[in-house]
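The values are calculated or read from the model by the stated rules, or taken from the named source; none is laboratory data. Note that the structure is a prediction, hence the values are computed from the model and not measured. All Cβ positions, glycine included, derive from the backbone under ideal geometry; neighbour counts span all protein chains shown.
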Amino acid sequence: MPPLPELSTFEVEQPAVIAGRAWDGVVEAVQRADLSAQTAGTVAAVEADVNDRVEADAVLVRIVAVEQDAVANTARAQLRAAEAAAVVAERTYARFDALSGAQYVSRAQLDQARAERDAAVAARDAARARLTQAEQQAGYTVVRAPFAGVVSRREVEPGETVVAGQPLLSVYAPRDLRIEVSVPQTRAEAIRRDPRAHVLFPDGSETMSPRVIVFPAADVASHSVVVRVSLPEIATPPAPGTTAKVVFDAAANGGAESESVRIPAASVAQRGELSGVYVKLGDRILLRQVRLGARDEDTVEVISGLKAGDIVARDPVAAMQAVVAQRRATDSTHE
């Protein structure tokens, strides 16, 4: 068989043995709100900045309300006129109804008075609904904190024109935090039976999770199960987005479970729903199907299909081209 063309490869390394299996996760706030403008206008004032602590219902952003107030005032005037017309129509109908018994008014006149009364009442209700909508729009010019928390992001400045849906601020509650990690489904049941978890932070501090929830279903693509790890109240709580490691005691006692390995994500060849890597065996290179687990920015966990010592091509495209070149060389030799 002709030799393989030059190909960049790497050797799968033996996973480190640790007391308990550590999984990478990111701290997130359970209670978090992204506040957006609900009406258009010019920002009059921004009352809070990043890292500011705010109380529930505190004013965060004020939007100039001249247009919205004018619409609300117009709606109030229209409602007063509609209410007056409804009172007149109701009294007119009452008089006609009283006179109809003595046949001083015709049936047609009574029906006409009833229709005018009903139309006036409907117009009053419509005016009341328009006022409610106008007052709601005017209320949107003052943006308040939905709960006590910390401002994590600020998107606007005074004098800036905003439209409905434009982001303004983000707020989170610092005392209610959690981490979600993805673990292989082969380990999920052990963690479900023994839901103990330690959380290790980059500054060296650690804490014990008061509650661990293992999701009931696995992800179809990665064959992993999400585990939600709650954090207790910490004197100096980590900010959302902080990376942390979660160590499950149960995952260290897998016994028959083989340790998964991690490889560069770029070395994985995706063929529809199937994942594979090109493994070098002597002068041959073969596409081997693998089952993937949790991913991070540059690497991916291989739950099954690879073991320590396997030689894997770094670039699956180059590996496929090498296989094709080797086959062509073989075919030409046979001819």
(request) Find the strands (runs of 3 or more DSSP E) located wholly in the range 179-280 whose residues include 1 or more that are within 30 Å of Arg153 (Cα to Cα) and not aromatic (Phe, Trp, Tyr), and list them. (result) 197-200, 206-208, 212-218, 224-230, 243-248
(message) Looking at the range 198-217 only, could you name the residues that are under 23 Å from Val302 (Cα atoms) and surrounded by fewer than 17 Cβ atoms within 10 Å (Cβ to Cβ)?
(response) Phe215, Pro216, Ala217
(request) Report, by residue number, each residue of the range 277-301 that is closer than 15 Å to Ala319 by Cα, in contact (Cβ under 8 Å) with a residue 40 or more places away in the chain and in contact with a strand residue (DSSP E or B) (Cβ under 8 Å, 6 or more places away or on another chain). (result) Tyr278, Lys280, Ile285
(request) Out of Arg124, Arg117, Arg107, report the one residue that is surrounded by fewer than 16 Cβ atoms within 10 Å (Cβ to Cβ), charged (D, E, K, R) and not assigned by TED's automatic domain parsing to the domain that holds Ala45. (result) Arg107
(message) Against the definition (in contact with a Ser or Thr (Cβ under 7 Å, 6 or more places away or on another chain), closer than 19 Å to Arg175 by Cα and crowded, with 17+ Cβ neighbours inside 10 Å), how does Ser224 come out, yes or no?
(response) no
(message) Restricting to the range 134-170, count the residues that are closer than 23 Å to Val66 by Cα and touching a residue at least 24 places away in the same chain (Cβ under 8 Å).
(response) 24
(request) Identify the residue in the range 14-28 that is at negative phi and at pLDDT below 75 and, among all such residues, is surrounded by the most Cβ atoms within 10 Å (Cβ to Cβ). (result) Arg21
(message) I'm trying to understand the selection: among the residues of the range 173-191, which are among the basic types (Lys, Arg) and modelled with pLDDT of 90 or more?
(response) Arg178
(request) From the list Ala250, Ala235, pick out the single residue that is in contact with a helix residue (DSSP H, G or I) (Cβ under 6 Å, 6 or more places away or on another chain) and either modelled with pLDDT under 85 or on the phi > 0 side of the Ramachandran plot (or both). (result) Ala250
(request) Confirm whether Gly165 is assigned to a loop (DSSP other than H, G, I, E, B), within 30 Å of Val61 (Cβ to Cβ) and not hydrophobic (A, V, I, L, M, F, W, C). (result) yes
(message) Pull out all pairs, ordered by first then second residue, where Cβ-Cβ is under 6 Å, the residues are six or more apart or on different chains, the first lies in the range 92-107 and is assigned to a helix (DSSP H, G or I), and the second is of a type in the set (Val, Ile, Thr).
(response) Phe96/Val105; Leu99/Val105
(message) Please go through the range 68-101 and give me each residue that is polar (S, T, N, Q) and out of contact with any helix residue (DSSP H, G or I) (no Cβ under 8 Å at 6 or more places or on another chain), ordered by number.
(response) Asn73
(request) Among what's in the range 128-151 and is over 30 Å from Leu79 (Cα atoms) and surrounded by fewer than 19 Cβ atoms within 10 Å (Cβ to Cβ), pick the residue that is farthest from the chain's Cα centre (by Cα). (result) Ala148
(request) Provide a single number: the residues in the range 34-67 that are over 15 Å from Val156 (Cα atoms) and in contact with a helix residue (DSSP H, G or I) (Cβ under 7 Å, 6 or more places away or on another chain). (result) 1
(message) Anything in the range 285-323 that is surrounded by fewer than 12 Cβ atoms within 10 Å (Cβ to Cβ), farther than 21 Å from Asp219 by Cα and at pLDDT below 85? List them, or say none.
(response) none
(request) Considering each residue of the range 152-168, count those that are charged (D, E, K, R) and farther than 26 Å from Thr242 by Cα, and give that number. (result) 2
